[in-house]
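Chemist: Before I ask anything, here is the structure I am working with.
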Amino acid sequence: MNSKQPIRLEELDAGHPLRRHPIESMQAGVPDGYFDTLASRVQARVAKPQETTPLISWSWGRTVASLAGAGLVAALVWITWPQQQHSLGQESLSGVSDAAIVAYLDEQGLNPDEVQTMQPNQAINSDSTTIQYLDLQPDAIRRELDMQDISEELNTVGS
């Protein structure tokens, strides 16, 4: 396969150029101070200023991928975000027919006559309206206040 024979240094003649020392083969010899400056010349050739590159560089592909990911997250949040349900107004129930209401009440097991007699909860806006619903007499309020004053005096004297 390999038709070339390896060359051995011992087999070469003494005057052969491969047998001579490389520096001796130079006609002028070694220049003065060659070995003194050799280390600095080698370092100057080898040591090149290294450029510092950031770990993550900017690119259009990375930008597009980031924007696509952010868009996907925003779309998923938009789709899955629960909607706030507001109360139904009177106008939305006005379109329901009476037959549909009666059918619904039958399904729920309610008698329409009983539902009609039920009074809706009335919203109490302030304390003054609450007193009106209690049906209290001014004399009863005065007696109750006098009883509280007496019980407070008894508690303070007893302690």
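The values are calculated or read from the model by the stated rules, or taken from the named source; none is laboratory data. As the structure is a prediction and not an experimental result, all values here were calculated from the model. Cβ placement follows ideal geometry from the backbone for every residue including glycine, while neighbour counts extend to all protein chains displayed.
Chemist: Look at segment 49-79 and say how many of its residues are part of a helix (DSSP H, G or I) and either touching a Lys or Arg at 6+ places or on another chain (Cβ under 9 Å) or of a type in the set (Phe, Trp, Tyr) (or both).
Modeler: Looking only at that region, the number is 2.
Chemist: Among the listed residues ALA65, ALA39, which satisfies the condition of being surrounded by 10 or more Cβ atoms within 10 Å (Cβ to Cβ), modelled with pLDDT of 75 or more and of a type outside the set (Ser, Thr, Tyr)?
Modeler: Values: ALA39 fails: surrounded by 10 or more Cβ atoms within 10 Å (Cβ to Cβ).
The conditions single out ALA65.
Chemist: Go through (1) modelled with pLDDT of 80 or more; (2) over 45 Å from the mean Cα position of the chain (by Cα) one by one and return the number of the condition PRO82 breaks.
Modeler: (2)
Chemist: Name the residues in segment 101-131 that are of a type outside the set (Phe, Trp, Tyr), surrounded by 10 or more Cβ atoms within 10 Å (Cβ to Cβ) and either at pLDDT 75 or above or in a helix (DSSP H, G or I) (or both), would you?
Modeler: Filtering segment 101-131 down to residues of a type outside the set (Phe, Trp, Tyr) leaves 101-103, 105-131.
Still in the list and also surrounded by 10 or more Cβ atoms within 10 Å (Cβ to Cβ): 101-103, 105-106, 110-112, 115, 124, 129-131.
Hits for segment 101-131 are ILE101, VAL102, ALA103, LEU105, ASP106, LEU110, ASN111, PRO112, VAL115, THR129, THR130, ILE131.
Chemist: Now for a separate question. Identify, by number, the condition in (1) at pLDDT 80 or above; (2) surrounded by 10 or more Cβ atoms within 10 Å (Cβ to Cβ); (3) more than 60 Å from the chain's Cα centre (by Cα) that SER25 doesn't meet.
Modeler: Failed condition: (1).
Chemist: Is it the case that segment 44-54 has a residue that's surrounded by fewer than 10 Cβ atoms within 10 Å (Cβ to Cβ), charged (D, E, K, R) and modelled with pLDDT of 80 or more? Reasoning before the result, please.
Modeler: Step one: of segment 44-54, the residues surrounded by fewer than 10 Cβ atoms within 10 Å (Cβ to Cβ) are 45-54.
Now restrict to residues that are charged (D, E, K, R): 45, 48, 51.
Filter once more, so that each one left must be modelled with pLDDT of 80 or more: 45.
Yes, some residue in segment 44-54 is surrounded by fewer than 10 Cβ atoms within 10 Å (Cβ to Cβ), charged (D, E, K, R) and modelled with pLDDT of 80 or more.
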